[in-house]
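Only one structure is covered here, and it is reproduced in the block below.
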Amino acid sequence: MTTINLPDADVPELSGTVNLADLEALGRARLDRNALEYYASGANDEVTLRANREGFRAIRLRPRVLVDVSNVDVRTEVLGLPLACPVGIAPSAFHGLAHETAERGTARAAASAGSLMTLSTFSNTPIEDVARDAVGRLWFQLYPYTDREASADLVRRAEAAGARALVVTVDAPFVGRREPNERHRFALPPHLGVPNAGSREHLARMESESGSQLVNYFQGLVDKAFTWADLAWLRSVTTLPIVLKGILTAEDALLAAEHGAHVWVSNHGGRQLDTAVSSIEALPEVVEAVEGRVEVYLDGGVTRGTDVLKAVALGARAVFLGRAALWGLAAGGEAGVRRTLDLLQDELRLALALCGKQNIGQVGRDLVRL
Ligand SMILES: Cc1cc2nc3c(=O)[nH]c(=O)nc-3n(C[C@H](O)[C@H](O)[C@H](O)COP(=O)(O)O)c2cc1C
Ligand SMILES: CCCCCCC(=O)C(=O)O
């Protein structure tokens with residue numbers, strides 16, 4: 001168990017931010033090139049990275065009027081957990097690059113905002129420490145390792161620490177080529193460890209002349225032969241609900257539902273297969289395929305309350321923030337992530353009212369024109 005001081009971030013600039021773009025600018029300005037390129041980049045030409053944002057902008061809202069919107073309610077539930085609004089935090093590796101509080105700052109913000117944090121296998125902080133700060137508002141993301149026992153151990157630790165779901169990332173048997181990271185040989189600074197993934201000594205041994213040491217390290221750990229059939233093994237090591245993250249087609253959504261898994265529509269923030277379909281474009285066929293049998297979530301390009309509304313209208317139970325949470329963390333630690341969540345919730349509440357809806361349950365397909 002790590003005991004670190006978690007200073008209350010006193011960041012006066014935060015109060016001047018009015019949207020997530022302001023927080024992104026603040027966060028980016030505080031990062032060095034190594035961290036900035038790791039967080040910001042997408043794969044190859046970054047076509048999918050851009051498409052995630054553009055996909056939201058291309059959808060138009062169909063507001064209704066003369067509805068009593070003096071009180072709007074943006075609360076919802078995911079897998080039985082009440083959320084202040086349908087926004088959680090997606091798993092992302094290495095929060096220590098953004099802020100000294102690392103994943104603990106993010107977890108505290110998620111907990112205090114009534115949100116939910118998904119902790120990456122590749123965190124800089126042990127699961128148990130993050131779980132304490134997340135106070136029940138935690139899911140754990142798993143990259144299944146070739147070493148089954150090591151994977152099972154991680155899953156058991158997450159479950160024992162209080163994680164409420166296991167998110168299995170299925171779109172990254174290999175790491176996509178984020179070319180700025182290759183060009184400048186992205187590396188973890190020496191003070192940051194990867195406590196759920198192996199020792200720094202192991203990391204150092206994986207160093208190679210070509211490409212990033214971490215890509216090699218990752219590729220050595222992750223099981224590239226993991227298939228639908230292996231979900232039965234995962235079921236045998238946990239009673240947690242299983243969510244498959246990285247689904248983009250009706251065919252895979254159907255398989256997921258048949259295997260009793262919830263579906264997280266994602267293209268990994270455009271970091272894996274470039275020119276893959278944007279998340280919001282993929283959502284309707286996924287929702288149609290699962291026919292309400294399992295919950296559907298989405299991430300990729302969410303930066304506005306209207307994005308959240310559009311995803312919910314198209315059938316997502318909740319959306320998750322990848323980079324937006326990292327920019328908030330870089331901008332001001334826990335307070336920066338909290339500001340990110342608060343601004344988005346305010347935008348969502350306003351958008352809901354301006355659409356003539358009183359609560360999230362009233363948001364349906366009729367609200368959008370594709
Ligand atoms: C810096 C960074 C690290 C990430 N690390 C992980 C990870 O460890 N596991 C995972 O499943 N997804 C990871 N992702 C993908 C996110 O969970 C999410 O799918 C994506 O960031 C959503 O897109 P957005 O950044 O536009 O919100 C990472 C994304 C970023 C930007
Ligand atoms: C540098 C390799 C780490 C890959 C694991 C984190 C991740 O999913 C990402 O998108 O980055």
message: Which residues does the label zone of L66 cover in the range 331-370, counting backbone N under 16 Å from a point 7 Å along Cα→Cβ?
response: 356-357
- request: Sort largest first and round to whole Å: the equivalent ellipsoid semi-axes of the chain, each the square root of five times a Cα gyration tensor eigenvalue.
  value: 30, 24, 20
- prompt: For the chain, what relative contact order do you get, as a whole percent, if you take Cα pairs closer than 8 Å and at least 6 residues apart?
  reply: 29
task: Compare A160, A311, A51 in a GNM of the chain, Cα atoms joined below 10 Å, and give the one with the largest fluctuation.
output: A160
task: May I ask you to compute the full-extension gain from V47 to T239, defined as 0.36 nm times their residue separation minus their alpha-carbon distance, rounded to one decimal in nm?
output: 65.3 nm
statement: Expressed in nanometres to one decimal, the distance between label points 7 Å along Cα→Cβ at E77 and T275 is 4.4
- prompt: Which percent of the accessible area of the chain is formed by carbon and sulfur heavy atoms (probe 1.4 angstrom)?
  reply: 51
Theoretical FRET efficiency, 1/(1+(r/R0)^6), r = Cβ-Cβ of A160 and N359, R0 22 Å, to 0.05: 0.05
message: Spelling out what I want: for every residue of the range 59-66, take phi, set θ = phi - 60°, compute 6.51 cos²θ - 1.76 cosθ + 1.60 (Karplus), and round to whole Hz; glycine and proline get x.
response: 8, 9, 8, 10, x, 9, 10, 6
field: Euclidean distance between Cα centres, the range 330-352 to the range 91-155, Å
entry: 20
Within the chain, percent of DSSP bridges classed antiparallel, to nearest 5: 20
query: Along the Cα-to-Cβ line of E100, 7 Å from the Cα, sits a label point; which residues in the range 7-37 have backbone N less than 15 Å from it?
result: 7-11
- request: Convert each backbone phi in the range 136-151 into a coupling constant with the Karplus relation 6.51 cos²θ - 1.76 cosθ + 1.60 (shift: θ = phi - 60°), then list the ³J(HN,Hα) values in order as whole Hz, x for Gly and Pro.
  value: x, 9, 9, 10, 10, 9, 10, 9, x, 8, 4, 7, 4, 5, 5, 5
- prompt: Ignoring ligands, DNA and RNA, what accessible area per residue does the chain give at 1.4 Å, in Å²?
  reply: 41
message: Give me, ordered by chain and number, the residues 5 or more places off F320 or on other chains with an amide H under 5 Å from its own placed amide H.
response: G88, L298, D299, G300
- request: Work out, step by step, the length gained on full extension between T146 and A84: first 0.36 nm times the residue separation, then minus their alpha carbon distance; give nm to one decimal.
  value: 18.6 nm
task: Note down the nm distance, to one decimal, between modelled labels 7 Å out along Cα→Cβ at R369 and at T227.
output: 4.7
- line: For the chain, the longest principal axis of the Cα atoms and the Cα long axis of helix 279-290 enclose an angle in degrees, to the nearest 10, of 80
statement: For V167, the residues 5 or more places away or on another chain with a placed amide H closer than 5 Å to its own amide H are F140, Q141, L142, V243
- line: Under the Karplus relation with 6.51, -1.76 and 1.60 and θ = phi - 60°, whole-Hz ³J(HN,Hα) for the range 321-337, x at Gly and Pro, equal 9, x, 4, 4, 5, 5, 5, x, 5, 5, 5, x, x, 3, 5, x, 5
- request: Please calculate the 1.4 Å probe accessible area of H99, with all protein chains present, and give it to the nearest 10 Å².
  value: 40
task: Rank these residues by their accessible area, most exposed first, probe 1.4 Å: W228, W264.
output: W228, W264
message: I'd like the projected area of the range 1-132, averaged over all directions, using the convex hull of its alpha carbons. Report it in nm² with one decimal.
response: 11.6
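The values are calculated or read from the model by the stated rules, or taken from the named source; none is laboratory data. Remember, it's a predicted structure, so these values are computed and weren't measured experimentally. Positions of Cβ are backbone-derived with ideal geometry, glycine not excepted, and every protein chain shown enters the neighbour counts. With ligands, DNA and RNA removed, areas are computed over all heavy atoms of the protein, side chains included. Shrake-Rupley method; radii C 1.70, N 1.55, O 1.52, S 1.80 Å.
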